[in-house]
1. Would you kindly identify the strands (runs of 3 or more DSSP E) lying entirely within region 86-202 that contain at least 1 residues that are over 19 Å from residue 282 (Cα atoms)?
2. I'm trying to understand the selection: among the residues of region 1-25, which are of a type in the set (A, V, I, L, M) and more than 21 Å from residue 124 (Cβ to Cβ)?
3. If I filter region 306-321 down to residues being surrounded by 13 or more Cβ atoms within 10 Å (Cβ to Cβ) and at pLDDT 90 or above, which single residue comes out as nearest to residue 218 (Cα to Cα)?
4. Can you tell me how many residues within region 241-257 are surrounded by 24 or more Cβ atoms within 10 Å (Cβ to Cβ) and within 25 Å of residue 97 (Cβ to Cβ)?
5. Out of all the residues in region 82-100, is one or more over 29 Å from residue 188 (Cβ atoms) and touching a helix residue (DSSP H, G or I) at 6+ places or on another chain (Cβ under 6 Å)?
6. As an exercise: evaluate residue 36 against (1) farther than 25 Å from residue 188 by Cβ; (2) crowded, with 16+ Cβ neighbours inside 10 Å; (3) not aliphatic (A, V, I, L, M) and give the number of the one condition it does not meet.
7. Among the candidates 296, 249, 268, single out the residue that is within 30 Å of residue 24 (Cα to Cα), under 15 Å from the mean Cα position of the chain (by Cα), small (Gly, Ala, Ser) and at pLDDT 95 or above.
Amino acid sequence: MPLTIFTSDRWADHLTPPGHPERVERAEVMQVVASEFRRRGGAVVAPRPATEDEIGRIHDREYVALIRETAGRAVALDPDTFTSPETYDVARLAAGAAVGAVDHVLDAGGGARALAMVRPPGHHAERNRAMGFCVFNNAAIAAAHARARGLARVAVVDYDVHHGNGTERSFYQDPSVLYVSSHQFPFYPGTGAADEIGSGKGAGFTVNFPMDAGSTDADYERIWAAVAAILRQFRPQLILISAGFDAHADDPLGGMRVTTPQFGRLTAVIAEAADRCCEGRLVAVTEGGYDLAALAGSLRLVIDVLDGATPRGALAVPIGPTPRADAALAAVRPHLSKFWQI
C-alpha cells in the first residue's frame with residue numbers, strides 16, 4: 001500500500017523564542033516536503049485534534065488542564081519548552097495526527113504505512129511534565145491508542161539522537177509495548193542507560209542502546225540490525241517509529257555522524273521488520289532534527305522508503321569499523337540476554 005502523510009500548516013502556529021532550535025522554519029520544511037509528495041500523487045491528510053481522553057491515556061488530567069490553561073498565552077514550561085497562544089491547539093493536533101495515522105494503518109489492512117509529520121515533537125514529554133521541546137508525547141499516545149484498538153503487542157522504536165525518556169516511562173512496566181532506543185549517551189536528558197530494561201512485568205521490554213558521540217553510519221547499521229532481530233522476536237502487531245533526525249552529522253544539537261542516506265536505511269530496516277512481523281503495519285512520527293537542510297533531505301528519503309520508491313537495496317551499505325556500536329552491544333547484552341538474542 002502507498003504511504004499516507006498526516007500533517008498540517010498549523011504547526012507554524014506554535015511559536016518559540018528567537019534563536020530556539022525548535023523553530024517555525026521546521027514547520028515550513030515539513031510543508032514543502034508534504035507539498036512535493038502531494039504533487040507526485042501522494043495522499044496528504046489534515047489531522048483532527050486528539051481528544052482529551054486519547055491524550056489522557058498517557059498524560060495526567062491535571063497536566064492536560066495545565067497545558068489547556070496556557071491557551072492564549074506564552075508560557076515557559078521549563079527552561080527549554082515554551083508555549084505560545086495557540087500551542088495547546090497545535091499540540092492536540094500533533095497528537096491527533098499520530099492517532100489518525102494509527103487508525104489509517106489499522107483500518108487499511110496489511111501493508112499500510114503512514115507518516116505523522118508534526119511539531120512540536122513529543123518523546124521527552126512525561127505523564128505530568130513537558131520537557132525537551134515536547135508538550136504531548138505523540139508516539140506514546142499513538143501506541144496507547146493502538147492498544148485501545150485491541151492490539152496485544154506494539155513496538156515503538158526511536159532513532160532520535162536523544163533518549164525518549166517520556167516514551168520509556170509511559171510503558172516501563174508494560175510488557176505489551178516494546179520500547180527500543182538508540183541514542184547518544186551520556187547526553188540530554190540523562191536517561192537511557194543500558195541497565196534501564198523495564199520493571200515488574202515490563203522487565204525486558206525496554207531496550208536502550210547508549211552510543212558514544214561520534215557514532216557513524218556503520219555503527220548505526222550494526223545497532224539497528226540488532227533492533228530488527230529483537231523486533232522479529234517480539235513480533236509486534238504494529239511498529240511505531242519515533243523518527244528524529246538530530247543524529248545527523250550536520251545537526252547543531254547532536255554529536256553523531258549519521259548521513260542522510262543512513263536515515264533511509266534505518267527506516268528500511270524497520271519497514272522490513274514490519275513486513276515480516278505485522279503485515280507491514282508501520283507508522284512514523286517525527287521528533288527532532290534541527291538543521292533545516294538535513295531535516296528536509298532526511299524526510300524526503302524516509303518518505304521515498306516508506307512509499308516504496310527507494311528500497312533498502314538502493315542505498316549503499318555503510319562500511320568501516322564499528323567500535324561505538326560494539327561497545328553499546330557489549331553494554332546491553334548482560335542486562336537483556338535472558339530476554340532477547342542480541
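1. Those strands (runs of 3 or more DSSP E) span 177-184.
2. 1, 3, 5, 12
3. Narrowing region 306-321 to residues surrounded by 13 or more Cβ atoms within 10 Å (Cβ to Cβ): 306-312, 314-315, 318.
With at pLDDT 90 or above added as a condition, the list becomes 306-308, 315, 318.
Values: 306: 22, 307: 24, 308: 23, 315: 13, 318: 5 Å.
That would be 318.
4. Within region 241-257, the subset surrounded by 24 or more Cβ atoms within 10 Å (Cβ to Cβ) is 241-248, 254, 256.
Narrowing further to those that are within 25 Å of residue 97 (Cβ to Cβ): 241-248, 254.
The number of residues fulfilling the criteria is 9.
5. Within region 82-100, none of the residues are over 29 Å from residue 188 (Cβ atoms) and touching a helix residue (DSSP H, G or I) at 6+ places or on another chain (Cβ under 6 Å).
6. In the conditions (1) farther than 25 Å from residue 188 by Cβ; (2) crowded, with 16+ Cβ neighbours inside 10 Å; (3) not aliphatic (A, V, I, L, M), residue 36 misses (2) alone.
7. Values: 296 fails: under 15 Å from the mean Cα position of the chain (by Cα); 249 fails: under 15 Å from the mean Cα position of the chain (by Cα).
268 is the lone residue from the list that is within 30 Å of residue 24 (Cα to Cα), under 15 Å from the mean Cα position of the chain (by Cα), small (Gly, Ala, Ser) and at pLDDT 95 or above.
Here's the yes/no breakdown for (1) hydroxyl-bearing (Ser, Thr, Tyr); (2) assigned to a helix (DSSP H, G or I); (3) under 20 Å from residue 179 (Cα atoms):
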| site | (1), (2), (3) |
| --- | --- |
| 222 | no, yes, yes |
| 229 | no, yes, yes |
| 241 | no, no, yes |
| 301 | no, yes, no |
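The values are calculated or read from the model by the stated rules, or taken from the named source; none is laboratory data. What you see is a predicted model, and the numbers here were worked out from it, not measured in a lab. In this analysis, Cβ positions are derived from the backbone assuming ideal geometry, glycine residues included, and neighbour counts consider all displayed protein chains.
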